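Enquirer: One structure is given below, represented as structure tokens, and several questions about it will come after.
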Amino acid sequence: MSGIGGTYYDALETRPAAEREAALLAALPGAVAHAQSRSDAFAELLRGVDAGSITSRERLATLPVVRKGELLARQQRDRADPNKHDPFGGFSAIGWRGLARPTGAKRVFQSPGPIYEPEGEASDYWRMARAIHAAGFRAGDLVHCSFSYHLTPAGSMMESGAHACGCTVFAGGIGNTELQLQAVAELKPHGYIGTPSFLRILLEKAADSGVATGSITKAMLGGEAFPPSLRDWFTARGIAAYQSYATADLGLIAYETTAREGLVIDEGVIVEIVRPGTSDPVPDGEVGEIVVTTLNRDYPLVRFGTGDLSAVLPGPCPTGRTNVRIRGWLGRADQTAKVRGMFVHPSQVAEALRRHPEAGRGRLIVEGEMANDRMTLKVESAEAREGLAARLADTIREVTKLRCEVQLVPPGSLPNDGKVIEDARKYE
């Protein structure tokens, strides 16, 4: 099904949206059941859940969101337990001799935390080929890959995807700018895969030293924010650069196309956008945290919170791809603030609002100087019943143990940026 010479990687990208949704939802009960039976962590997290009943997005939304902090905590706990010795915290369905799941892992990687991630035996395990193809890479191309091949999986993620596209890969890795420039000059790669910042460093260094880099005409970038100004900088130097959004846990989540209108969601995941600090999906267009359910049977993550903010874009991609699009990376959902020595979390704000049905969206603003903090909770409300502000203030104090002023504002007044806690203090 590979689209080696065409616009699309395979026919899945242009199937009717209703057909895709039906296929994903049909696979969902089996994915949940597999997670329950093959992952000790999800056997516990989803205890009592009837997997056969999870047949819709509404039913999926009743399951808990598992965030990276919880995954890390479970890994740390199980690594320290001599009776378990499970570096994956019970989340992996594969492993090696001596683990609860003794077979199936081809490699294991370590991301900051440290968090350990397994790689299964599939040829394009992280499904990166779709994004690489969308960025213009084709069979026979030589790819210069400058993602790390040490400890973390980024280099292997991209290399396996490039191989699936039929490309040859130069494993540049990170650093050693002079040696990498020498390789560019002598090997003349057709494209670059890596972070946008290192590509800029390479091009600037090449310009200063007179090294020819004109063979690079395309790039697939990730790992960092990629603003339009930098995209235009690359374009002016003859490089069409596109971005992808992927994580070591989930693989490819979404990718940019030639339309440059948001990122198209990958075919192998179910994506939800939830209100930060909660497990509740937000309406399309509202900024929230990206939550992903993957159909990867080796590492079966159900409702995994990425901690990243985005929003759904209306309509299909102009390129003809029919999957849902998101706006791209819009910041981090973890907005925890320390106020007068106490940590305040988005989940606490969400809990306070949940206790008052008249309350809509809320935004907690922390102002003042250190040791003289003050909190103001702005709450959208169409039916501001008498005493609502005072009751909300009491609830915030009960939940956070801190005093807070409450201001009621009309619906639609708060910015659509996904912020639940805004730290507006001045640090000098």
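Enquirer: I need the phi-derived Karplus couplings for the stretch 351-360: 6.51 cos²θ - 1.76 cosθ + 1.60, θ = phi - 60°, integer Hz, Gly and Pro marked x.
Expert: Ordered by residue, 3J(HN,Hα) equals 5, 4, 5, 5, 6, 10, x, 6, 7, x Hz.
Enquirer: Consider all pairwise Cα distances in the stretch 274-397 and report the whole-number % of them above 19 Å.
Expert: Pairs farther apart than 19 Å: 60 percent.
Enquirer: Then there's this: Compute the projected area of the convex hull of the Cα atoms of the stretch 337-423, averaged over all viewing directions, and report it in nm² to one decimal place.
Expert: Orientation-averaged projected area of the Cα hull: 5.1 nm².
Enquirer: Let me ask another. What aspartates and glutamates sit close enough to LYS68 to cross-link, taking a C-alpha to C-alpha distance under 15 Å and skipping anything fewer than 8 places away on the same chain?
Expert: Within the straight-line limit of under 15 Å, LYS68 reaches these aspartates and glutamates: GLU117, ASP249, GLU289, ASP308, ASP334.
Enquirer: Continuing with the same structure: Enumerate the calculated ³J(HN,Hα) couplings along the stretch 184-199 in order (Karplus 6.51 cos²θ - 1.76 cosθ + 1.60, θ = phi - 60°), each rounded to whole Hz, writing x wherever the residue is Gly or Pro.
Expert: Residue by residue, the stretch 184-199 yields 4, 5, 8, 8, 6, x, 7, x, 10, 10, x, 7, x, 5, 6, 4 Hz.
Enquirer: Semi-axes, largest first, in whole Å: what does sqrt of 5 times each Cα gyration tensor eigenvalue give for the chain?
Expert: 38, 27, 23
Enquirer: Right, something else. Name the most mobile residue of ASP373, ASP417, ASP40, meaning the one with the largest mean-square fluctuation, in a Gaussian network model of the chain with Cα contacts below 10 Å.
Expert: In this elastic network of the chain, the residue with the biggest mean-square fluctuation among ASP373, ASP417, ASP40 is ASP373.
Enquirer: Could I ask something else about it? Comparing ALA333, ALA359, ALA382, which has the greatest mean-square fluctuation in the GNM of the chain with Cα pairs linked when under 10 Å apart?
Expert: Highest fluctuation among the options: ALA382.
Enquirer: How would you rank TRP96, TRP233, going from fewest to most other Cβ atoms within 10 Å of each one's own Cβ?
Expert: TRP96, TRP233
Enquirer: Just to confirm my numbers, what's the Cα centroid distance between the stretch 293-342 and the stretch 158-177 in Å?
Expert: 26
Enquirer: Once amide H atoms are built 1.01 Å from N in the peptide plane, which residues 5 or more positions from GLU422, or in another chain, come under 5 Å H to H?
Expert: LEU364, ILE365, VAL366
Enquirer: Determine which lysines satisfy two conditions relative to LYS205: a Cα distance under 30 Å, and not lying fewer than 8 residues away in the same chain.
Expert: Correct list for LYS205: LYS188, LYS218.
Enquirer: Still on this structure, please answer the following. Pull up all non-local amide H partners of ASP141: gap of 5 or more, or a different chain, and H-to-H distance under 5 Å with H placed in the peptide plane.
Expert: Residues meeting the criterion, in which the H sits 1.01 Å from N, are THR168.
Enquirer: Considering amide H positions built from the backbone, and no H for Pro or chain starts, which residues 5 or more places from ALA246, or on another chain, come under 5 Å of its amide H?
Expert: Sorted by chain and number, the residues that satisfy this are GLY223, ILE253.
Enquirer: Where the only charges are on Cβ atoms (+1 Lys, Arg; -1 Asp, Glu), what is the dipole of the chain about its Cα centre, to the nearest 20 debye? Present the calculation step by step, with values, prior to reporting the outcome.
Expert: On the way: 49 positive and 52 negative charges, 71 e Å.
The dipole magnitude comes to about 340 debye.
Enquirer: Pick from ASN416, ASN296, ASN323: which is most flexible by mean-square fluctuation in a GNM of the chain where alpha carbon atoms under 10 Å apart are linked?
Expert: ASN416
Enquirer: Relative contact order (percent) for the chain, with alpha-carbon contacts under 8 angstrom and 6 or more residues of separation?
Expert: 12
Enquirer: With an 8 Å Cα cut-off and a minimum separation of 6 or more residues, compute the relative contact order for the stretch 69-203 in percent.
Expert: 18
Enquirer: For the stretch 249-325, what are the per-bin percents of Cα-Cα distances with bins 5 Å wide, up to the bin holding the maximum?
Expert: Spelled out bin by bin, the stretch 249-325 gives 3, 17, 26, 24, 19, 9, 3 percent.
Enquirer: Sticking with this one: Using Cα positions and a limit of under 19 Å, work out the lysines in reach of LYS338, with same-chain residues fewer than 8 apart set aside.
Expert: Here the lysines satisfying the reach criterion relative to LYS338 are LYS378, LYS401, LYS419, LYS426.
The numbers here are math on the coordinates, done by the rules we state, and not lab data. All figures in this text were calculated on a predicted structure; none of them were measured in a lab. Reconstructed Cβ throughout: ideal geometry from the backbone, glycine too, with neighbour counts over all protein chains shown.
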